[in-house]
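Asker: Before anything else, here's the structure in question.
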Amino acid sequence: MASRALMVALLLAAVAVGCARAQLREKFYSESCPSVEEVVRKEMMRAPRSLAAPILRMHFHDCFVRGCDGSVLLDSANKTAEKDGQPNQTLRGFGFVDTVKAAVEKACPDTVSCADVLALMARDAVWLTKGPFWEVPLGRRDGSVSISNETDQLPPPTSNFTVLTQLFAAKNLDAKDLVVLSAGHTIGTSHCVSFTDRLFNFTGRVNPTDVDPTLDSEYMDKLKGKCTSLNDNTTLVEMDPGSFKTFDLDYFTVVAKRRGLFHSDGALLTDDFTRAYVQRHAGGAFKEEFFADFAASMIKMGNVDVLTGTQGEIRKKCSVPNHH
């Protein structure tokens, strides 16, 4: 009997997930705010290209904690919101999200959620750096809860393949989504502190010989020239050297040469499926295929645990709940 009750519960949960997903649709604002995509794009085109990667990352970090509900954008008076969690300390672009949201509010007051604005911004950030374009399913609502210690659901750059697949599976994302979305690292920079353990302290011995043996040694020497200590949290390094402002397939070329910046990038070579994907795309011959895969995985990630219908709210300002 108990197992039957469990089956029913699981079935209902699956239906609920399906409904939430079904409620997101591409033309959600076609009557209530038909200009929303145009308004967002106009603002995104004015933004410095250096904000593209941070905006993409912010959407990712939003979806992995409480689903894509705009909770990463919330401030808290006592610094206990998601943006105060360790993995989010290096997020930037919050002020720009506020600018875009204000423009959307001017066009359509109290209509478009911060979560949807961020999803559209992330899509445009990719497209404006020469990446794929896709139709974003819309209709997310904003959450009003944001808790810093919940950011432990975010995949750390130090993760091995097992940890990565577990954290992605918890969000209904599979190994293909993992390898595809990791390629977001084709744009942007990272602080040294996110990968210096590979250079100085790989097994915890803290000495110059304690290095990650899977990292290309020539590249390691280059990185050591830039990041001079384990705790360097000011120096920035290009994640995809030479084309870090362009969304392309070079990320796979870099990873295939064992020059992926993070341990999590290198981890893609430790699994047969993800390694084969990296190697297929390292040559750059299947750009359209990868672009289609990336768009599909972004849509899938954008569906994670969304609030729809009467759930949540439409925040007027992204940094504070309406009842603030």
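Asker: Go through the range 258-324 and tell me which helices (runs of 4 or more DSSP H), entirely inside it, have 1 or more residues that are of a type in the set (Gly, Ala, Ser) and touching a residue at least 60 places away in the same chain (Cβ under 8 Å).
Answerer: Values: elements: 263-266, 272-282, 287-302.
Per the criteria, 263-266, 287-302.
Asker: Of all residues in the range 157-172, which are over 14 Å from Asp305 (Cβ atoms) and either modelled with pLDDT under 95 or not aliphatic (A, V, I, L, M) (or both)?
Answerer: Pro157, Thr158, Ser159, Asn160, Phe161, Thr162, Thr165, Gln166
Asker: If you don't mind, there's one more thing I want to ask. Which of (1) open to solvent by 60 Å² or more (accessible area, probe 1.4 Å); (2) modelled with pLDDT under 95 does Gly284 not meet, given it meets every other one?
Answerer: All conditions are met except number (1).
Asker: Another one. Out of all the residues in the range 102-122, which are open to solvent by 20 Å² or more (accessible area, probe 1.4 Å) and not in a helix (DSSP H, G or I)?
Answerer: Once the filter is applied, which keeps residues that are open to solvent by 20 Å² or more (accessible area, probe 1.4 Å) and not in a helix (DSSP H, G or I), the range 102-122 yields Pro109, Asp110, Thr111.
Asker: Could you tell me which residue of the range 130-154 is nearest to Pro321 (Cα to Cα), considering only residues that are of a type in the set (A, V, I, L, M) and either more than 17 Å from the chain's Cα centre (by Cα) or open to solvent by 40 Å² or more (accessible area, probe 1.4 Å) (or both)? So that I can check it myself, show each step before the final result.
Answerer: Going residue by residue through the range 130-154, those that are of a type in the set (A, V, I, L, M) are 136, 138, 145, 147, 154.
Still in the list and also either more than 17 Å from the chain's Cα centre (by Cα) or open to solvent by 40 Å² or more (accessible area, probe 1.4 Å) (or both): 138, 145, 147.
On the way: Leu138: 20, Val145: 9, Ile147: 14 Å.
Top of the filtered list is Val145.
Asker: Take Pro157 and decide whether it is open to solvent by 20 Å² or more (accessible area, probe 1.4 Å) and touching a helix residue (DSSP H, G or I) at 6+ places or on another chain (Cβ under 9 Å).
Answerer: When the stated conditions are applied, Pro157 passes them.
Asker: For residues that are among the polar types (S, T, N, Q) and in a loop (DSSP other than H, G, I, E, B), scanning just the range 145-178, find the one that is nearest to Phe202 (Cα to Cα). I'd like the intermediate steps shown before the answer.
Answerer: First, the residues of the range 145-178 that are among the polar types (S, T, N, Q): 146, 148-149, 151, 153, 158-160, 162, 165-166, 172.
Keeping just the survivors that are in a loop (DSSP other than H, G, I, E, B) gives 146, 158-160, 172.
Values: Ser146: 33, Thr158: 10, Ser159: 12, Asn160: 13, Asn172: 30 Å.
Ranking the candidates gives Thr158 first.
Asker: Next question. Take the residues in the range 34-77 that are crowded, with 20+ Cβ neighbours inside 10 Å and in a loop (DSSP other than H, G, I, E, B); name whichever of them is nearest to the chain's Cα centre (by Cα).
Answerer: Once the filter is applied, the top-ranked residue is Phe64.
To keep it simple, each residue is scored yes or no on (1) under 30 Å from Thr234 (Cβ atoms); (2) modelled with pLDDT of 95 or more; (3) charged (D, E, K, R).
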| position | (1), (2), (3) |
| --- | --- |
| Val15 | no, no, no |
| Glu37 | no, yes, yes |
| Glu43 | yes, yes, yes |
| Met58 | yes, yes, no |
| Cys63 | yes, yes, no |
| Glu105 | no, yes, yes |
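The values are calculated or read from the model by the stated rules, or taken from the named source; none is laboratory data. Since the structure is predicted, the reported quantities are computational estimates derived from the model, not experimental observations. Every residue, glycine as well, gets a Cβ built from its backbone with ideal geometry; the counts of neighbours run over all protein chains shown. For the accessible areas, the whole protein counts, side chains as well, though only heavy atoms, and no ligand, DNA or RNA atoms are used. Shrake-Rupley method; radii C 1.70, N 1.55, O 1.52, S 1.80 Å.
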